[in-house]
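Take a look at the structure set out below.
The values are calculated or read from the model by the stated rules, or taken from the named source; none is laboratory data. Computed from a predicted structure; not experimentally measured. Positions of Cβ are backbone-derived with ideal geometry, glycine not excepted, and every protein chain shown enters the neighbour counts. Keep in mind that these areas ignore ligands, DNA and RNA; they rest on the heavy atoms of the full protein, side chains included. Shrake-Rupley method; radii C 1.70, N 1.55, O 1.52, S 1.80 Å.
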Amino acid sequence: MRRAAIAIGCLMLGGCSPPAASNSPGVETKGDGHGASAAQMGSPHAATEKGISMRPMEILITSDSAQLNAKLADNQAARALAAMMPLKIQRRDHLHQEKTGVLPLALPGSGRQTEFSVGTLGLWGDRDFVIYYRAGHVPAPGIVVLGNVQGDLSLFDNSDGVSISLRQAD
């Protein structure tokens, strides 16, 4: 009976042995050198819950005329976005401050703010992925910051739509 209780306890805690080593580029391990990606642990925010710190994931944003580097934030929504990559999104201009497009799936939306700077990658609602090419603010409930673009965003500063691709950097 005692062995059965111990076995059930181990199953509830995710097993008695340490997780297998991970070669995932977005995972930095602590202590014993073992770790697993959030996807391997079953949820996009499991890594944070398990005490594993995530390094900022670098991504590439490409269009027909440019390629930009960006770093994703360390939050549940950014990890869920990374899990969807590679992505191609048709974007339109909105309020002459941002390019916005609809994601194929909803992202989690906690930790919202109303201010943004040039280069902010944001989530408006649960599926609108936004690249801000001007600084400003949005009404409540605000955006979830997904990351930040490094580089010249002037290619977006027009009223034209643009198709972009998102993928993890090598």
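Things to note:
- Counted residue by residue at 0.36 nm each, then reduced by the alpha carbon distance between them, the extension gain from R167 to L95 reaches 23.3 nm.
- Accessible-area composition of the range 103-170, carbon plus sulfur, in percent [1.4 Å probe]: 50
- Order by protection proxy (mean Cβ within 10 Å, highest first), peptides 147-155, 74-82: 74-82, 147-155
- Order of exposure, largest accessible area first, which applies to H137, H96 with probe 1.4 Å: H137, H96
- Accessible area of M57 (1.4 Å probe, protein heavy atoms only, ligands and nucleic acids ignored): about 50 Å².
- FRET efficiency, E115 to D152 (Cβ-Cβ, R0 25 Å, nearest 0.05): 0.70
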